[in-house]
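Notes for the one structure printed next.
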Amino acid sequence: MPKIATELTPIEVKRLGVGQHLVGTVPGLRLSVKPSGARSWVFRATVGSRRAEMGLGSYPAVTLAMAHERAREILDMIHRGVDPTAERRAKRATIEWTFKRTAEAYIEAHRAGWKNAKHAAQWTATLTTYAYPTIGKKHVRDVNKGDVHTILDAIWNTKNETAVRVRSRIELILNYAVQRELRPEGLNPARWRGNLDAVFPKASKVSKTAHFAALPIDEMHGFMERLRQAEGTGARALELAILTATRSGDVRGATWGEIDLQRAVWTIPAGRMKADREHRCPLSERALELLEGLPRFEGTDLVFPGQRGDKPLSDMSLTAVLRRFKVPVTAHGFRSTFRDWCAERTATPSEVAEMALAHAVGDATEAAYRRGDLFEKRRELMTLWAKFIDTKPPRGNVRALRLGESK
């Protein structure tokens, strides 16, 4: 029986670096951390006269407590005279582990660790469209380089961003198959470095950054006048998105519980933010006026509920407003207009403008020391933005405004 190591807490496990680390509580249980950052649970035990090593799943999808439970179950089987590795093989033999089935198992295992349900849906959609037609019915152990090349050849140069995601997802699924002993260890045919990088050009050499269509700065006043004349929830949601320079998804999912009308602040929780951190958004007088004029609906806390009431307004509602106005822009493009205005028409420091857009500012070291969110400076900026929108564009030279300066 192996020696029981010092018991580690979940936080201590989370901080472990590269290597094989005994975590205590159950003898033989350890966390394997690879240089790539991949983490998985490994359990070593003596079965009869031989040493056996069994994978218990990836971390953090399988928590420390879950790993303890799985390891104890295996120990109990051994004490009862059952060979857990033989039982695993027998169980797997009764299931046809196709690539599709393995992918579904991977998605289910990692679902709890993903930010939202949309992430799992995106995995399923891309694999269904690009991978399953070629390898979906193939046993996962038989997926090879030729299969991966066939999938990527069709989309690498035409849909590069999607191709990069597909490649990465196939690689992770095949790694999962190895850990589940559904596939022998060896070079992953979907691995990039030292493998596919010899066949396909780098993504940066293929893809061109696609910028969201944005409205010219001096057209904002006229557009907003038209928008305010339009009726409907979609028009009001788009107006709030423009006034706050937030993403349309943040606006559509807004709840009254997030909005403090007295303090003129909208606090978007981390779970709804792209950067996975809370964002305090200052509300200008016009934004407050808009919100105070909105109806509140029974049975929902949503500011902009959809037709069903319990679901947010759809993104197509905002798109429909823009199509009705026949302007070749996207809802997201107004964030670009706001950023252009900050740079070209104000003397706003870059970090203030970036924080207004809820973008990360600086590197990890700078972020660790920057505790504030420049909220009061951002409040001044959003007030300037609302005033700019409400003012007809001047003729002739345009002078840059500084924070704290009025027109």
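Over the chain, with a Gaussian network built from C-alpha contacts below 10 Å, which listed residue (ALA52, ALA353, ALA214) shows the highest mean-square fluctuation?
ALA52
Under Stokes-Einstein, with the Kirkwood radius over Cα pairs standing in for Rh, what whole-number D in µm²/s applies to the chain at 37 °C and 0.692 mPa s?
Details: Rh = 25.4 Å.
Here the translational diffusion coefficient equals 129 µm²/s.
In nm, what is the difference between 0.36 nm times the number of residues separating ALA112 and MET316 and their Cα-Cα distance? Don't skip to the answer; put the middle values down first.
Working: separation 204, 0.36 × 204 = 73.44 nm, distance 2.84 nm.
Extending this stretch completely gives an extra 70.6 nm.
Sequence-distant or interchain residues sharing an amide H contact under 5 Å with HIS332, placed H: which?
Under 5 Å from the amide H of HIS332 lies no amide H from a residue far enough along the sequence or on another chain.
Please compare each pair in LYS138/LYS205; LYS202/LYS326; LYS137/LYS274; LYS145/LYS202 to a cut-off of 28 Å on the Cα-Cα distance and tell me which ones are over it.
Working: LYS138/LYS205 32 Å; LYS202/LYS326 37 Å; LYS137/LYS274 35 Å; LYS145/LYS202 18 Å.
Distance filter (> 28 Å) returns LYS138/LYS205; LYS202/LYS326; LYS137/LYS274.
Among ARG228, ARG193, ARG247, which one shows the highest mean-square fluctuation when the chain is modelled as a Gaussian network with alpha-carbon springs under 10 Å?
ARG193
Can you give the calculated 222 nm mean residue ellipticity of the chain, where each DSSP H run of n ≥ 4 adds -39,500 (n - 2.57) and the sum is split over every residue, rounded to the nearest 500 deg cm²/dmol?
Working: 18 runs with 177 residues, N = 407.
-12500 deg cm²/dmol, from helical runs alone.
Every number here is computed from the coordinates shown, using simple stated rules; none is lab data. These figures come from a predicted structure and were not determined experimentally.
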